[in-house]
Amino acid sequence: MGSTTGPCGYLRRITTGAVALLVASSLVTACGSGDDGSDGAGGGGGAADAKGVDDGATLTMWTRAATRPQSEALVKAYNEGHKNKIELTVVPTDDYQAKVGAAAGSKDLPDLFASDVVFVPNYTSSGLFADLTERVDALPFAENLAQSHIKAGTYEDKKYVVPHTLDLSVLFYNKDLYRKAKLDPDKPPTSLSEWDRQARAVDALGSGVNGTFFGGNCGGCGVFTWWPSIWSAGEEVLNKEGTEATLDSDTAKKVYDTYRGWVRDDIVAPGAREETGTTWTGVFPKGKVGVMPMPSTTLGLMPKDLDLGVAPIPGPDGGKSTFVGGDAIGIAATSKSADQAWNFLAWSLGDKAQVDVVAANKDVVARTDLASNKYSKADPRLVTINELVADGRTPYALKFGQTFNDPNGPWLSLMRDAVFGDGASVDKDNEAVSASLAD
C-alpha cells in the first residue's frame, strides 16, 4: 500500500495552490493568537499527559488524496479502538493547498490536517498549527521519530507537526538483468561511479534493455532523486534558511556529469527528456531497466514476478542518503479539541499503530527504532528502506514550490541545462535558483 503518485507532492505543479496559500497567509495571523480562546487548547503543548484525552469527542481531519490509503487505515484503526471518533475528509491533491488556504482565511480549519512536508514551513510560519513542543518531547520515543519531518515542522524553536506518512527515494535494481549482465545481484551500487558502471553493463545487453531512467522534465523528480547523491557526500543543497542554493558545488556537478553521460551515450531508456513525472514510475516495472531511483512507496506495487533489490542512493564516491518526503500532520491552531486531537497523533506514532497498521501495509514507519519489525523482517528490502530514514533529509524553503516544482521555475532550467546541455550554465542557473528562493 502507499501513495501511487510517486514522491507525493514533489511531482505536482502547485503554483495555483501556492498563490492561494500566500494570499491566505496574510489573513491567518490571528489563528494562533488565542483571541477566540483556542490558545490554551492548542498552544504551548501544555498537556500533562503525553497520550492526550480520549473522552468521546468528534474530530475533523483533512489529508491529501496522495496519502489516502495510509490515512484511512490509521483513522479506521483508531476509531475502532477509541471513544473519540475522527471524521476524515480526503481532498484531491491538486486542490489541497487552495482548500487549506481558504479555510485558514475564514478560520475554519479542521482539528487535524496533514501537509506535504515540503510545504509545512509555509503553514508554520503563517500560524496555522498549534504548538506541540511539550507534547512531542513528552513522548517516550520522541528521539526516534523521523527527525527530517520534525525539523521541517519546527519554526522559531517550536515544534508544530509530527510524521504522518513517509516516502523515501531509493534505488531499485533488476536482479535478473544484473545476472544476465554478469553482475552480482546481491551487490547494488555503493557509489555513483559503481551505479554508472552497472547501468552501462546492463545497457550493453541490448534487445530493448536500458541501463537506467529518470524524469528529465520533472523538477520534483530531480530534487527527490538527485539531491540524495549530493547529501551522500556530506554536502548541502540549500542554506539553513532555505534562501540560497548551493546546487553549483563540485559534488553537484559530478552528479550532473554522470547523468549527462548517460544521456550522451544512450544509457537512459527512451522518453527521459520529455518525462514530466506522470509516467516516471511506470518504466521500471516493465522489467527492461537495470537500476534507477524510485519512490519507496512503489515497492508494494511492483509485479510479483519482478526480482528486484533495493539500495540507498549513493554519492559520487560513496555514502548514502534519501529524500524523506511524504506528509506531516498537526493540530490546527483554532481547534477547540487539541487534547483529543493529540490523543490520535500520539496513538498514530505508537508501537501498535506503526507496526500493525503502517508496517503491515508495507509503508515506511515513522520511527527509527521500529525499522526492523515483525513485518519488515519478512522482506529485507523494507528494513533497508526503514533504516534509511535516519540518513535522510527534508529540505526547508518557504519558496520551495515556485522554485523547484513549477515547470517554469529556475531549478528545472538548471536540470535540463546540466544534463541535456553542456552544463556550462550551472553557476548562472544556481544564481537564478537562489534569487527565486530569496524573492
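The values are calculated or read from the model by the stated rules, or taken from the named source; none is laboratory data. Nothing here was measured: the structure is a model prediction, and the numbers come from that model. Using ideal geometry, Cβ is built from the backbone for each residue, glycine included, and neighbour counts are taken over all protein chains shown. SASA here: full protein model, heavy atoms, side chains in, ligands and nucleic acids out. Shrake-Rupley method; radii C 1.70, N 1.55, O 1.52, S 1.80 Å.
Please report, in debye to the nearest 20, how large the charge dipole of the chain is about its Cα centre when each Lys and Arg carries +1 at its beta carbon and each Asp and Glu carries -1 there.
Details: 42 positive and 57 negative charges, 260 e Å.
Rounded to the nearest 20 debye, it is 1260 debye.
Once you've got the GNM for the chain with C-alpha springs shorter than 10 Å, pick whichever of Leu88, Leu192, Leu306 has the biggest mean-square fluctuation.
Leu306
What is the Å³ per residue value for the convex hull set by the Cα atoms of the range 360-411?
Convex hull of Cα atoms, per residue: 115 Å³.
When ranked by the protection proxy of mean other Cβ atoms within 10 Å per residue, highest first, what sequence do the peptides 194-203, 111-120, 233-242 form?
Put in order of decreasing packing, that is 111-120, 194-203, 233-242.
Mind running the shape call on the range 61-170? Use the C-alpha gyration tensor, a ≥ b ≥ c as the square roots of the eigenvalues: rounded below 1.5 for a/c, prolate if a/b tops b/c, oblate otherwise.
In terms of gyration-tensor shape, rounded.
Once the piece of chain linking Arg179 and Ala435 is laid out straight, how much longer is it, given 0.36 nm per residue of separation minus the C-alpha distance between them?
Result: 87.4 nm gained on full extension.
Using C-alpha positions alone, give me the convex hull volume of the range 194-244 per residue in cubic angstrom.
85 Å³
With springs connecting C-alpha atoms under 10 Å apart, model the chain as a Gaussian network and identify which of Val419, Val170, Val291 has the largest mean-square fluctuation.
The residue that fluctuates most here is Val419.
Are any of the pairs Lys85/Lys374; Lys180/Lys320; Lys240/Lys286 more than 32 Å apart by Cα-Cα distance, and if so, which?
Lys240/Lys286
Percent relative contact order of the range 112-238, based on C-alpha pairs within less than 8 angstrom and at least six residues apart?
Relative contact order comes out at 15 percent.
Which shape class applies to the range 171-269: rounded if a/c is under 1.5, otherwise prolate when a/b exceeds b/c and oblate if not, where a ≥ b ≥ c are the square roots of the Cα gyration tensor eigenvalues?
It is prolate, given that a/c is not under 1.5 and a/b is the larger ratio.
Considering the options Ala311, Val202, Thr124, tell which one lies farthest towards the positive end of the dipole of the chain, charges being +1 on Lys and Arg and -1 on Asp and Glu at the Cβ, about the Cα centre.
Val202
Report the relative contact order of the chain, percent, no decimals, based on alpha-carbon pairs under 8 angstrom and at least 6 residues apart.
Rounded, it is 27 percent for the chain.
When the Debye formula is applied to the Cα atoms of the range 177-216, each taken as the same point scatterer, what base-10 log of I(q)/I(0) results at q = 0.24, 0.27 Å⁻¹?
-0.79, -0.95
Between beta-carbons, use under 9 Å as the cut-off and find the net charge around Asp429, counting Lys and Arg +1, Asp and Glu -1.
-3
Could you tell me whether the range 274-418 comes out rounded, prolate or oblate from its Cα gyration tensor? Rule is a ≥ b ≥ c as square roots of the eigenvalues, rounded for a/c under 1.5, then prolate if a/b exceeds b/c, otherwise oblate.
Values: a/c = 1.99, a/b = 1.18, b/c = 1.69.
It is oblate, given that a/c is not under 1.5 and a/b is not larger than b/c.
Per DSSP helix of 4 or more residues, -39500 (n - 2.57); summed, then divided by the residues of the chain. What does that give at 222 nm, rounded to the nearest 500?
Helix-only estimate at 222 nm: -9500 deg cm²/dmol.
If you count only protein heavy atoms with a 1.4 Å probe, what accessible area per residue comes out for the chain, rounded to a whole Å²?
37 Å²
Under a GNM of the chain (C-alpha, springs under 10 Å), which listed residue has the highest mean-square fluctuation: Ala130, Ala338, Ala98?
Among Ala130, Ala338, Ala98, the largest GNM mean-square fluctuation belongs to Ala98.
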